[in-house]
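Structure record follows, encoded as C-alpha cells.
The values are calculated or read from the model by the stated rules, or taken from the named source; none is laboratory data. Please read all numbers here as calculations on a predicted model, not as lab measurements. Ideal geometry is used to build each Cβ from the backbone, glycine not excepted, and the neighbour counts take in all protein chains shown.
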Amino acid sequence: MTDLPISVEKPRRSIVDMIYDPATRGLIFQVLLVVALFALGYEIVTNTIANLKKQNIASGFDFLGRTAGFDIGQRLIDYAPTDSYLRAFWVGLCNTLLVAAIGIVFATVIGFIVGIARLSQNWLISRLALVFVEVVRNMPPLLTLFLFYFAFLKTLPGPKQSIQLPFSSVLNVRGLSLPMPIWQPGSWLIPVALAIGIIASIVVGRWASARRIATGQQFPVLWTTLGLIIGLPLLAFLAAGLPVTFDYPVLKGFNYQGGLVILPEFMALLIGLTIYTASFIAEIVRSGIQGVSKGQKEAAAALGFRPGLAMRLVVLPQAMRIVIPPLTNQYLNLTKNSSLAIAIGYPDLVSVFAGTVLNNTNQAIECIVITMGVYLVISLVTSFFMNWFNTRMALVER
Amino acid sequence: MTTDAATPGTRPPRLDTGPVGWMKKNLFATPTDSVLTLIGLYLIYVLLGGFIDWAFLRATWTGTDGKACTWEGAGACWPFIWNKLGLFMNGRYPDAERWRIYLTYALALGGLVPLMVPGVPGKLYLSLYMLLVFPVLAFILLTGGIFGLPAVDTQLWGGLLITLVVACVGIAASFPLGILLALGRRSKLPIIKWASIGFIEIVRGVPLVTMLFFASVMLPLFLPENVTFDKLLRALIGVALFSAAYLAEVIRGGLQAIPRGQLEAGDALGLSYPQKMGLIVLPQALKLVIPGIVNSFIALFKDTSLVLIIGLFDLLGIVQQSVQSDAKWFSPSTSTTGYFFAGLVFWIFCFGMSRYSASIEKRLGAGDRR
Amino acid sequence: MTFLIKGGLVAVVALAGSVSAVFAQTKTLDTVKARGTLNCGVNTGLAGFSAPDDKGQWGGLDVDLCKAVAAAIFKDPTKVKYVPLTAKERFTALQSGEVDLLSRNTTWTMSRDTSSGLNFAGVNYYDGQGFMVKKSLGLKSAKELNGATVCVQTGTTTELNVTDFFRTNKLDYKPVVFEKLDETVAAYNSGRCDAFTSDVSQLYSERLKSPKPDENVVLPDVISKEPLGPVVRQGDSGWANVVRWTHFAMVNAEELGVSSKNIDEMLASANPEIKRMLGKEGDFGKGLGLENDWAYQIIKGVGNYAEAFDRNVGAGSRLGIARGQNALWNKGGQQYAPPIR
C-alpha cells in the first residue's frame, strides 16, 4: 500500500472516494491477483513437495543423464538403448519435427489446390472440393488417423508378398522401403551447386522484376529458376563423377533389411494430419480469395490476363494477406495434433518422452513440463516467424 | 453495313440452354475443364460406388456374432452396431437407469431448441434455465445418489454420453473463465493483462494430449494429501482449462468489434467497469461471437475423442475397445464398420453444428450491413 | 571426534526421519472402513485379470483380490469401487490416494519398491515375458527372431526387457510401441509385427482373442521374471498386512483344502490350522485390525486361490492357462503362504 501516504496528504478524499477511484481500484485488484496467484503457487508447490517427499519419488532433472535402456523404432539421429534419456528426448523431438514439417508442406499444397477448386467454374470440381472439406473437417483427427492406420495395415501385404515398385522400392505392411543414397567423397559439390543455384535465381528474379518495372519486358523467371536450382546440382553431380551408391532394401529373414524405410505409422500420421489440416486450409484459402475484391479480377481480365495468370499474379498475392494469420494457426494446430501419434505407435516426442520415459522414470512433473515447454517453444517460434513474414507481405503489397 | 429494320429475335442455340447448356457451361467449358470433369466423375464412381458396394450390397444385415460377417468379400457388419448400440451410446450405464440419460437429453433439447430458433420469445429465461437450472438437474439425474435415484459411478459412463458430457461441461465451465481471460487480456492493468496473456498463450501453445496427461498424472500431485478427484472430473478440468484459452480469444475478437464510443458512452453515464462490461459491451460482443463459440464447441467435441488416450471411454474409445478386444464379434470388417459408425455420429453432430453456426453468421452479417 | 559427531548427527536425523514417518502414517484401513467402500485400481481391460463385461461388472484374478480385501473388511465382496487405470496413471493414482490398493498386474521390481513410494504386498501371479509369433514362420525359439519387428505396449517393464534380451543375444530388432494393449494387439494381428511380446499370461489371453488362435504360437522362451502383485502406498504397514494376508489366506485355504463350497462344513473341522484360519481359535483378525472371521469371509465371498485362478485364467476359463509356476509350493509351483499362527 505505497499510495496510502499520498491519499492522506489530500484530506478531501475520503476512503469511499479512494475505493471509487479507478486507479486505486486497479491497484487493489492487481495486488489481489498477485496475492491469489502466489497463494495458489505456494499451495501447489508445498503440496507437491510434501507428496513427493512422502512418497519417496525422486525429483530434479538428473534422470536425463541416465541410461534409457529401451529402443526406438524410428530415429533420425544416432541412438542406441545404451544412450541417455536426454538422447531419447532428441530422437522423439526430431520425429515430431519431421512429421510436422512434411505435413505442413503437403497440407499447404493440398489445401491451396482444394481451396482454389472450391471456387472453380467447373460445377463438379467445386462440389467435390466442398464434399472433401465438409467430410474431413467434421471428423475427429484421431478417428481419421485410426482409419488410415488400420486401413493401411489391412490392405498392405506381408513382407514376403511385397508390392515391388520402380527403383527397387518395396511396399509392404512394414512400410515403404526405398533405396538409400550413400554419398561418396566428392558429393559436397552438389549442395554447393544447389546453394549457388538458389542465390543465382534470387538475383535473376530481382533483376527480372527490375527490368519488368523499367521496360515492361517479361523474362521467363520460372524456367530460369528451375534450371538453376535443378540444373546446377545435376551438373555438379555429373561433374563429380556420379558420387553416389545406393543401399537397396533386400528381403532377409523376416523383412526387407537396409534401405530407407518409411514406417506405416509415419505414413498414416502424415496423411491423416495432412488431409485434416488441408480441409481447414482450403476454407481459409477460399475465404481469402473471396475477400479480394472482384474488381481486381476484372481489372486483370481487362488487361488481358488469362484466368490462371490472374489468379497467380493478381488474386493470390492479395489473398495471402488475409490468409497468412489463420494459416499460422493451422500450422501450429498440425504440429500440436502430431502428438496424436501416441495412439498409432509413431515414436514422436509425446510418445517417447511423456510416454516411455515418464513410465520408466516415474517423474511425471519433469517429463510433462519438458514436453509442454517444447511445444510452447515451437509455437512461439512459429508465431514469431509467421508474424515477421506477415509484416513483410503486408508491406510489400502496399 | 447497316440495317434499319429490327432483326427478328432469335432464340439462343439449343445447346446453350437447358441441361445440355448447363453442362456445357459448368462442366465442359474448356478442354481442361472437360478433363477435370472426367477425372471427377471417375473419382465419384470409384469412391461412391465402392462405398455403396461396401455399405449396402455386400453388407451383412443380421447375425449374432462375428461369424455371420466372416465370408469372402463381406462388406459392412451392421449387426455388430445393432448389438452394441446401447454400449456405444451410454457405455456401461445400468440398463434400468438409462431413462435418466434420455430424460437429461430431453431436458437439454427442450431448452436448446427454442434458444437456437430465431424469433422464439423468452430467450432470457431459456438461457437462465440452460445455464443455472439444467446443469443441476443433469448432474442429479446422471450421477444420482439423492431423491431415491441409485448412484451411478462415473466409471460406468461411456460412449456418446461421455463425449457429450465432456464437450458440454468443458464449454460451459470454460465460458466464465474465458470471459474473464478475454477481459483481462484487454485490461489496462499490466499484471492482470500479462497474467491473462501468459495463461492463454501457454495453453494454446501445447497439445490437448499433454493437457490431459497433466490433468491425469500431475494434478493429483498438486493436491493436498487425500484430496482426490474422480478421473472424469480431472479430465473435465483439463478440457475446461484448455477450451477457456481458446474461448478467451474468440470472445476477445467480439470485444474488439465493439466501437470505443460504446464504452465512452458508458463512461459518460457514469457506469462502473462491471456495469459497462455487463450491460453494454458483453451482451453485444457475445452475440457477435456466437458462431465462434459454436466453432470452438465443434473443435472441443472432436477433441473429446482424445480422452481415450487417458483411459476414458468416449464414443471413439468404446468403439475401439469393442472392435479390438471383443473376440465374439471379430471379423474382417468389424473394425471398419465400427470406425465408420463412430465417424458418422461425430460427423452428423459436427456438420449440423457447423451449418447452424454458418446460418447465424449469415444472419449477423445481414444485420450488420443493414 | 568429528567422525563421532557426524555419525551422531546422521543417527539423530535418521531417527527423526523414521519417527516422523511413523507419525505421518495415514491409516488406510480406517479411511476405507469409514468410507464404506474399497477403491481398487485395476487394468482398463485385460482378460483374465481385470476386465468389465458389457454391463460394467468387473471380473478377473486381480479383481478377485480387490473383492477378497473388501470381503475381509466389510464381509461383502461387492463393496469395491473399481478405478480402471492406464499403465501411466497407476502409480500416481495410488500415491495420491485415489485408490487404496493397486491390483493391476504390476511387476514387482526393486526400483518400484524402493524409490517410487510403493510397497508391494505379495505376488498373486508369477509371470514371465515371452513372445507370440505366427505359426507359419516356423520358429522354435526367440533367439531366431533376428531382424524381426516386435509390437510392444509402453508403460511396462516389457519395453526394457525386450531391449535387454536382444542386446544380450546380439540380435537386431525393430520395436513398434503403442500406448494401449488393444492397439498393440490389433497391429500384431494385422501383420504389422512379426512378434508380439508381453507377459506370457497375456500372450495366451490375446492368442485366444485373435481371429484365428491356431495360427499363433507362444514361443517357449521366457525372457524375464514378472512377479505380478498388489501394491499399496509406502509407510502404512498395517494396510500392507491386510492386503498381504488376504492373498495368503486364499493360498492357505487352497493348501488346507478349504473352498467356498465346503467352507461351512470346514467350520466344524478339528484341524487346528483350519480353526486358526477361520477364526475359531486365536485372535488373528484383531492383529490386522479386522474381525476374527476375516479369512472365512474371504473364502466364502471369493473362494480360495485355486478357485480364483481356475475361474479367471485357469482350466475353467477361456484362457486355459496351466498352473505351472503358480501351483502351490508342494505341487511344484511357487505359491507359498506363511502359516497362520
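For the range C:38-62, give me each residue that is within 25 Å of C:Gly289 (Cβ to Cβ) and either modelled with pLDDT under 90 or away from every other protein chain (no Cβ under 13 Å) (or both).
Of the range C:38-62, the ones within 25 Å of C:Gly289 (Cβ to Cβ) are C:38-42, C:62.
The answer is C:Leu38, C:Asp62.
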State yes or no: is C:Arg207 under 27 Å from C:Gly138 (Cβ atoms) and of a type outside the set (S, T, N, Q)?
yes
When (1) assigned to a helix (DSSP H, G or I); (2) out of contact with any Gly (no Cβ under 8 Å at 6 or more places or on another chain); (3) in contact (Cβ under 8 Å) with a residue 24 or more places away in the chain; (4) polar (S, T, N, Q) are applied to A:Thr225, the one that fails is (2)
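This table checks each residue for (1) in contact with a Ser or Thr (Cβ under 8 Å, 6 or more places away or on another chain); (2) at pLDDT below 85; (3) buried (at least 19 other Cβ atoms within 10 Å of the Cβ).
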position: B:Leu164; (1), (2), (3): no, no, yes
position: B:Ile200; (1), (2), (3): no, no, yes
position: B:Val203; (1), (2), (3): no, no, yes
position: B:Pro220; (1), (2), (3): yes, yes, yes
position: B:Gly254; (1), (2), (3): no, yes, yes
position: B:Ala265; (1), (2), (3): no, no, no
The number of residues in the range C:162-177 that are in contact with a strand residue (DSSP E or B) (Cβ under 7 Å, 6 or more places away or on another chain) and within 19 Å of C:Glu226 (Cβ to Cβ) is 4
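Could you look through the range B:224-266, keep only residues that are part of a loop (DSSP other than H, G, I, E, B) and in contact (Cβ under 8 Å) with a residue 24 or more places away in the chain, and pick out the one that is farthest from the other protein chains (Cβ to nearest Cβ)?
Going through the range B:224-266, the residues part of a loop (DSSP other than H, G, I, E, B) turn out to be B:224-230, B:257-259.
Filter again for in contact (Cβ under 8 Å) with a residue 24 or more places away in the chain, leaving B:230, B:257-258.
On the way: B:Asp230: 9, B:Ala257: 16, B:Ile258: 19 Å.
Ranking the qualifying residues of the range B:224-266, first place goes to B:Ile258.
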Single residue of the range C:195-222 satisfying the filter (within 13 Å of chain A (Cβ to nearest Cβ) and closer than 21 Å to A:Phe146 by Cα) that is surrounded by the fewest Cβ atoms within 10 Å (Cβ to Cβ)
C:Pro211
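Using the structure shown, decide if B:Arg355 is in contact (Cβ under 8 Å) with a residue 24 or more places away in the chain, of a type in the set (Lys, Arg) and either surrounded by fewer than 23 Cβ atoms within 10 Å (Cβ to Cβ) or away from chain A (no Cβ under 13 Å) (or both). Don't jump to the end; show me each part of the working.
Details: in contact (Cβ under 8 Å) with a residue 24 or more places away in the chain: no; of a type in the set (Lys, Arg): yes; either surrounded by fewer than 23 Cβ atoms within 10 Å (Cβ to Cβ) or away from chain A (no Cβ under 13 Å) (or both): yes.
Criteria not met by B:Arg355.
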Return the only residue of A:Tyr331, A:Tyr375 being more than 12 Å from B:Phe213 (Cα to Cα), under 16 Å from the mean Cα position of the chain (by Cα), within 11 Å of chain B (Cβ to nearest Cβ) and not aliphatic (A, V, I, L, M).
A:Tyr375
Restricting to the range A:321-353, give me the number of residues that are in contact with a Ser or Thr (Cβ under 7 Å, 6 or more places away or on another chain), among the hydrophobic types (A, V, I, L, M, F, W, C) and closer than 21 Å to A:Phe146 by Cα.
5
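So which residues in the range C:68-105 are hydroxyl-bearing (Ser, Thr, Tyr) and more than 7 Å from every other protein chain (Cβ to nearest Cβ), if there are any at all?
Step one: of the range C:68-105, the residues hydroxyl-bearing (Ser, Thr, Tyr) are C:78, C:82, C:86, C:92, C:96, C:103.
The answer is C:Thr78, C:Ser103.
For every residue, the table says whether it meets (1) within 29 Å of C:Lys27 (Cα to Cα); (2) crowded, with 21+ Cβ neighbours inside 10 Å.
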residue: C:Trp245; (1), (2): yes, yes
residue: C:Lys261; (1), (2): no, no
residue: C:Ile274; (1), (2): no, yes
residue: C:Ala308; (1), (2): yes, yes
residue: C:Arg341; (1), (2): yes, no
Restricting attention to the range B:177-194, which residues are within 8 Å of chain A (Cβ to nearest Cβ) and buried (at least 20 other Cβ atoms within 10 Å of the Cβ)?
B:Ile192
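Would you point out the residue of the range A:248-307, among those that are in a helix (DSSP H, G or I) and within 14 Å of chain C (Cβ to nearest Cβ), that is surrounded by the most Cβ atoms within 10 Å (Cβ to Cβ)? I'd like the intermediate steps shown before the answer.
First, pick out the residues of the range A:248-307 that are in a helix (DSSP H, G or I): A:264-291, A:294-302, A:307.
Remaining after also requiring within 14 Å of chain C (Cβ to nearest Cβ): A:264-269.
Details: A:Pro264: 26, A:Glu265: 29, A:Phe266: 23, A:Met267: 18, A:Ala268: 24, A:Leu269: 27.
Going through the qualifying residues, I end up with A:Glu265.
Residues that are under 34 Å from the mean Cα position of the chain (by Cα) and either more than 14 Å from chain C (Cβ to nearest Cβ) or of a type outside the set (D, E, K, R) (or both), at least 2 per element: which helices (runs of 4 or more DSSP H) completely within the range B:10-129 meet that? Before you say what the answer is, go through the steps one by one.
On the way: elements: B:18-26, B:31-52, B:78-90, B:98-116, B:123-128.
In the range B:10-129, B:31-52, B:78-90, B:98-116, B:123-128 are the helices (runs of 4 or more DSSP H) which contain 2 or more residues that are under 34 Å from the mean Cα position of the chain (by Cα) and either more than 14 Å from chain C (Cβ to nearest Cβ) or of a type outside the set (D, E, K, R) (or both).
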Go through the range A:116-147 and give me each residue that's outside any loop (DSSP other than H, G, I, E, B), facing chain B (nearest Cβ under 8 Å) and among the hydrophobic types (A, V, I, L, M, F, W, C).
A:Trp123, A:Leu124, A:Ile125, A:Leu128, A:Val135, A:Leu142, A:Leu143, A:Phe146, A:Leu147
Hey, which of the strands (runs of 3 or more DSSP E) in the range C:88-200, taking only ones fully inside, have at least 2 residues that are of a type in the set (S, T, N, Q)?
C:101-107, C:148-153, C:195-199
Failed item in (1) in contact with a Phe, Trp or Tyr (Cβ under 8 Å, 6 or more places away or on another chain); (2) buried (at least 23 other Cβ atoms within 10 Å of the Cβ), with B:Phe214 passing the rest
(1)
Any residue at all in the range A:83-91 that's assigned to a helix (DSSP H, G or I), within 13 Å of chain B (Cβ to nearest Cβ) and hydrophobic (A, V, I, L, M, F, W, C)?
no
Can you find even one residue in the range C:61-82 that is acidic (Asp, Glu), in contact (Cβ under 8 Å) with a residue 12 or more places away in the chain, in a helix (DSSP H, G or I) and buried (at least 22 other Cβ atoms within 10 Å of the Cβ)?
yes
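Quickly run through the range A:191-223 and pick out the residues that are of a type in the set (S, T, N, Q) and within 23 Å of A:Phe305 (Cβ to Cβ). Full working, then the answer.
Within the range A:191-223, the first condition is being of a type in the set (S, T, N, Q), and the residues that meet it are A:201, A:209, A:215, A:217-218.
Those that are of a type in the set (S, T, N, Q) and within 23 Å of A:Phe305 (Cβ to Cβ): A:Ser209, A:Thr215, A:Gln217, A:Gln218.
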Sort out which residues of the range A:358-384 are out of contact with any Leu (no Cβ under 9 Å at 6 or more places or on another chain) and among the aliphatic types (A, V, I, L, M), and write them in order of number.
A:Leu358, A:Val369, A:Met372, A:Leu376, A:Val377, A:Leu380, A:Val381
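Please go through the range A:230-247 and pick out each residue that is in a helix (DSSP H, G or I), of a type in the set (A, V, I, L, M) and surrounded by fewer than 18 Cβ atoms within 10 Å (Cβ to Cβ). Let's see the steps before the verdict.
At the first step, the residues of the range A:230-247 found to be in a helix (DSSP H, G or I) are A:230-239.
When the remaining residues are screened for being of a type in the set (A, V, I, L, M), the result is A:230, A:232, A:234-236, A:238-239.
Those that are in a helix (DSSP H, G or I), of a type in the set (A, V, I, L, M) and surrounded by fewer than 18 Cβ atoms within 10 Å (Cβ to Cβ): A:Ile230, A:Leu234, A:Leu235, A:Leu238, A:Ala239.
Have a look at B:Leu306, B:Leu241 and point out the one that is surrounded by 21 or more Cβ atoms within 10 Å (Cβ to Cβ) and at pLDDT 85 or above. Before you say what the answer is, go through the steps one by one.
Working: B:Leu241 fails: surrounded by 21 or more Cβ atoms within 10 Å (Cβ to Cβ).
Of the residues listed, the single one that is surrounded by 21 or more Cβ atoms within 10 Å (Cβ to Cβ) and at pLDDT 85 or above is B:Leu306.
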Just wondering, is there one or more residues in the range A:322-340 that are within 30 Å of A:Gly65 (Cβ to Cβ), touching a Gly at 6+ places or on another chain (Cβ under 7 Å), modelled with pLDDT of 90 or more and not polar (S, T, N, Q)?
no
Tally of residues being away from chain A (no Cβ under 11 Å) and either in contact with a Cys (Cβ under 9 Å, 6 or more places away or on another chain) or in a helix (DSSP H, G or I) (or both) across the range B:306-329:
7
Residue check, C:Asp236 against (1) surrounded by 17 or more Cβ atoms within 10 Å (Cβ to Cβ); (2) away from chain A (no Cβ under 14 Å); (3) touching a Leu at 6+ places or on another chain (Cβ under 9 Å), all met but one. Which one?
(2)
